[in-house]
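We did not get these values from a lab; they are worked out from the coordinates using the rules stated. These numbers were taken from a predicted model, which means no experiment stands behind them. So basically every Cβ, Gly included, is an ideal-geometry build from the backbone, and we count neighbours across all protein chains shown.
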Amino acid sequence: MTVATRKNIPEELRSYSQWICHDTDKRPINPHTGRFADVSDPTTWGTFDQACAAHDAGRGVGIGFVFTENDPLTGIDLDVPECGTATPLQEQVFAAFPSYAERSPSGRGVHIIVKGRVPAAIKDSAQGIEAYSTRRYFTFTGDVVRKERPLEMQEALDALYARLRPPDPASFYTHETPDDVSLVCDAEAVAFVRKSEANRRNWDGEGVADQSKAFGAVVGALALVGCSREQAKRLALSSPLVVNGPPHSSGTRPEKSARDFDRIWPALARRGAVERQERALGVDHGRQVAQTLLTGWNERGGAAQRPRFRVQHVSDIEAREPDFIVGDLIEARSCVVVFGAPGSGKSFVTLDVAACVASGREFHGKEVQQGCAVYVAGEGGAGIKRRLQAWSKHTGEELDKSKPLFVIQSPIEMLNASDVKAACDAIAEATGEFTIKIIVLDTLARNFGDGDENSTGDMNRFVMAVGRMIERFGCTVVVVHHSGHGDNSRGRGSSALRAAADAEFRVEKDNSTVTLVHTKAKDAPESEPIRFSLESIELGTRKNGAPFTSAVLIEREEQVTRAIKLTRSQQRAMKAFEDAAKEHGQFADDGSFVGVHRDDWRTAFYRIATQDNDDSKSKAFRRACTDLVEKGELDVADDVFRYVGSFAWVKNQAVTATRTAGQDTDITGHVQMARP
């Protein structure tokens, strides 16, 4: 079941906490433990999301819904024999119950879900129709045949029950014991008993906890396949289960088994005869082959076979509210990109988000959905523990084993399908029963693998790998990314990543202030920027007595930045300053932009000034210098001007980027020495 098909299941059904998983033999599985579930024990069921997460983690091949006395729902199951045709009654039932209907996991069965109750379970194997209101479960796939919400259909259920009223169970045991004639040879009988894995273990006595129960299952299978009494007793007593079984207090194991056989055989023989008779009518309840039924409907103008492309009228598409895991910022089951320059604090932001999700703590006043968080620390793995220690010390939230925050301290090669599968398998095994809400890939560069970030094809492959991860775990994947070399307003590399992202955030840093800016939201308005202070937290003392620290984000009180209006002359002066910075800017040893000398700025200003003569240009330049310093746009020291005020850090980075343009960068975005 994919994330898309899960959404086809009606919201009303998904709201119940009556979901389980199932194995290939359709045995119910507890989504919390991976052990068998019980349709009469609610503690072995879970929510829809828990069942989906358990299925994604490998605890079963599908999911199912348990019908109980406390819900208003009934499930109708339509089966036909393999290579058979739909009966008129089956077609009538499908037409009479125009409620939600979907295919079974095999793609051949049909389940209809309605509102209403039947007094007792309906099981008409000859007609291939069953209906249950309690103590049974149906598999669910979201593979829709008819997309309707479950409809109230009590009158139709009453009519169906009146027509197919189940017989008295005692009637199954009113037949005389069948003639003692064998229908199969010994080899065929033993092969039939050992056909299922469970009965193979019973026959062989492998891992049997209850000897009597296992012996009863073997005898029942021999009765069903058509053994005579003498043949069944001889074969059962010769099985390894009996021959190698433990002794009994009242005699040997064969003696005890012989007494058990004489006691249970008459009822099992009658039951086997009844079931063989039903099968002779062409019905095999164990097989879900209703694809033939669908074919019959198609020939009569009924439901269409499943097309490759599904075309729906807009009125048939269900509108659902967005499901956010972090406030109004991060939506569930989505791809999110958080980008910024090296050292901007983007990893502090995403680690803060992951810790809040795992602990259930609000993310700076924004509510979160608590769940499992997995942080792939491809970059900065050595310091992640210290950062989390600082986070715990600041918040008072202990990240103990009850808080499902997991870390992978090695990158995943997302362009390598086998590496992605191995990583997902490891995540599924480590997280166990927890429902994964968020996976963080920090950073894209370290988790990209053997590819080119600037290649649209390679970036699309990365996006597809992220999509497979989202689909497998039903979670959100956050990609931490570096900003562009010459443009800090976008992530570097191919724009295919931004196009595919459901949400995007830019992280900016100005001294100790970190700002989270919402730059893209597909289906919701962009949120207001959030400003943090990046403050140091002392964690302990080194051997030399010096303290060692890490940092945390502390949200600052909301600041209202007053828009500064510049005159046209001042705007030209700022443009000249930008040109001079690119042409004659002064830089520190570490490559950071220091400023522009007054003379270089004046030269650039004169080139674009609109005044008629140099004297007028000089006056305009001096006035612009004074005004821009007073307005807080620039600062000056020793005739060297530099950016200050709002977004000064971004402007300084833009100038620095022009200096490094054309140089090579390593995979983390750091400038390398230019090649000769």
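Some points to look at:
- Net charge contributed by nearby residues that have their C-beta within less than 12 Å of Ala465 (K/R +1, D/E -1): 0
- Spin-label model distance (nm) - Val407 vs Gln154, 7 Å beyond Cα toward Cβ: 5.9
- Separation of the Arg386 and Asn511 label points, Cα + 7 Å toward Cβ, nm: 2.4
- Between amide H atoms placed 1.01 Å from N, distances below 5 Å from Tyr100 occur with Ile113, Glu148, Leu151, all of them 5 or more places distant or on a separate chain.
- Cα gyration tensor shape for region 3-171, rounded if a/c is under 1.5, else prolate or oblate: prolate
- Trypsin sites (Lys or Arg not before Pro) restricted to region 574-651 and DSSP loop, no more than 11 other C-beta within 10 Å: none
- Cβ-to-Cβ counts within 10 Å put Tyr161, Tyr137 in ascending order as Tyr161, Tyr137, the fewest first.
- Note on Val314/Glu528: beta-carbon distance plugged into 1/(1 + (r/R0)^6) with R0 of 41 Å gives a FRET efficiency of 0.80.
- When the alpha-carbon atoms of region 568-660 are used, the pair Rg, Dmax equals 12.8, 42 angstrom.
- The phi torsions of region 458-468, fed into the Karplus equation with coefficients 6.51, -1.76 and 1.60 and a -60° offset, translate into couplings of 5, 5, 5, 5, 5, 4, 5, 5, 4, x, 5 Hz, rounded to whole numbers, with Gly and Pro shown as x.
- Per-residue Cβ neighbour counts within 10 Å put Val478, Val326, Val184 in the sequence Val184, Val326, Val478, beginning with the fewest.
- Region 1-57: chymotrypsin sites (Phe, Trp or Tyr not before Pro) falling in loop per DSSP and having at most 14 other Cβ within 10 Å: none
- Computed P(r) (all Cα pairs; region 324-555; 5 Å bins; percent): 1, 7, 15, 20, 21, 17, 11, 6, 2, 1, 0
- Segments 257-269, 124-136, 185-197 sorted - mean Cβ within 10 Å per residue, highest first: 124-136, 257-269, 185-197
- Spatial separation of Cα centroids for region 365-430 and region 177-247, in angstrom: 52
- Computed over region 568-660, relative contact order equals 31 percent, with contacts defined as Cα pairs under 8 Å that lie 6+ residues apart.
- Sites matching GluC sites (Glu not before Pro) across region 392-471 that sit in DSSP coil, with at most 13 neighbouring C-beta atoms within 10 Å: Glu398
- Put simply, the amide H of Arg490, placed in the peptide plane, has neighbours under 5 Å in Gly484, leaving out anything fewer than 5 places away on its chain.
- Computed P(r) (all Cα pairs; region 499-546; 10 Å bins; percent): 23, 31, 22, 14, 9, 2
- With θ taken as phi - 60° and the Karplus curve 6.51 cos²θ - 1.76 cosθ + 1.60 applied, the whole-hertz 3J(HN,Hα) list for region 628-635 is 5, 6, 5, 6, x, 7, 10, 10 Hz, x standing for glycine and proline.
- Linear extension gain, Arg542 paired with Arg556, 0.36 nm per residue minus alpha-carbon span: 2.0 nm
- Working note: Karplus 6.51/-1.76/1.60 with θ = phi - 60° gives region 579-587 the couplings 4, 5, 4, 6, 8, 9, x, 9, 10 Hz, where Gly and Pro are set to x.
- Residues whose amide H falls under 5 Å from that of Thr476, counting only those 5 or more places apart or on a different chain, are Arg333, Ser334, Ile438, Ile439, with hydrogens built in the peptide plane.
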